[in-house]
Amino acid sequence: MAMPNPEPTVQSAVEHALMPSFATQAQDDRLRGKLRCVVVTPEKAVIDTIVDFIVLPMFDGELGVLPGRAPLIGRLGAGELRLKTGTAAERYFVEEGFVQIRANVVTVLTANARKATEVTADAATKAAADAEALPNGSAVERANKAKARDRAQGMKKVAAHNATA
């Protein structure tokens, strides 16, 4: 069972996850054997919770994180973020971004994060069609098109998982 936390703010996420102090370190001693997951978008901190296990969608595959993981900074891919506590699992769709793992705190910086159940097959199909409709004349346009395709592919995977769940 996840410990109830107040609504996270960007300020609290930055203070605790990106710039820890002795006070926040002492406060996070309660993490022994657990992970703290903080997901931040430009608008707000979406998630700030304590879990047992995290699966991150990296740009080149998935990464499972258990307590005691070595520090890491990596490139996040569009896909499904899974948070597991006991037998309960929460799923989210996250777009590309970055992840930092340090001292049992997993910080995800992404443009967008939402519950996986909000991603439908229709939305994934529309995202794929929108990606294909983008121009690809210049290098920047090709990069934007590739990013949109990756996002649509991540949405398709999450929607397919929703259909089987």
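The values are calculated or read from the model by the stated rules, or taken from the named source; none is laboratory data. Small disclaimer: the values here were computed from a predicted structure and weren't measured. Glycine also receives a Cβ, built like all others from the backbone with ideal geometry; neighbour counts cover every protein chain displayed.
Side notes on the structure shown:
So that you can scan it fast, the table gives a plain yes or no per residue for (1) modelled with pLDDT of 90 or more; (2) farther than 20 Å from Arg91 by Cα; (3) outside the structural domain of Gly97 (by TED's automatic domain parsing); (4) in contact with an Asp or Glu (Cβ under 7 Å, 6 or more places away or on another chain):
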position: Met3; (1), (2), (3), (4): no, no, yes, no
position: Leu31; (1), (2), (3), (4): no, yes, no, no
position: Cys37; (1), (2), (3), (4): yes, no, no, no
position: Ile50; (1), (2), (3), (4): yes, no, no, no
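- Put simply, of Lys156, Lys145 the only residue that is closer than 27 Å to Val65 by Cα, in contact (Cβ under 8 Å) with a residue 12 or more places away in the chain, not assigned by TED's automatic domain parsing to the domain that holds Gly74 and not hydrophobic (A, V, I, L, M, F, W, C) is Lys156.
- Residue within region 132-145 that is of a type in the set (Asp, Glu) and within 28 Å of Arg82 (Cβ to Cβ) present: no
- Index of the failed condition, Ala160 passing every other in (1) more than 29 Å from Gly33 (Cα to Cα); (2) among the small types (Gly, Ala, Ser); (3) at pLDDT 95 or above: (3)
Results for (1) touching a helix residue (DSSP H, G or I) at 6+ places or on another chain (Cβ under 7 Å); (2) assigned by TED's automatic domain parsing to the domain that holds Val39, shown as yes or no for each residue.
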residue	(1), (2)
Phe93	yes, yes
Arg102	no, yes
Thr107	yes, yes
Ala123	yes, no
Ala127	yes, no
Ala131	yes, no
Ser138	no, no
Glu141	no, no
Asp150	no, no
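- Of the strands (runs of 3 or more DSSP E) lying entirely inside region 39-135, those containing at least 3 residues that are under 18 Å from Lys156 (Cβ atoms) are 53-58, 79-85, 88-94, 113-115.
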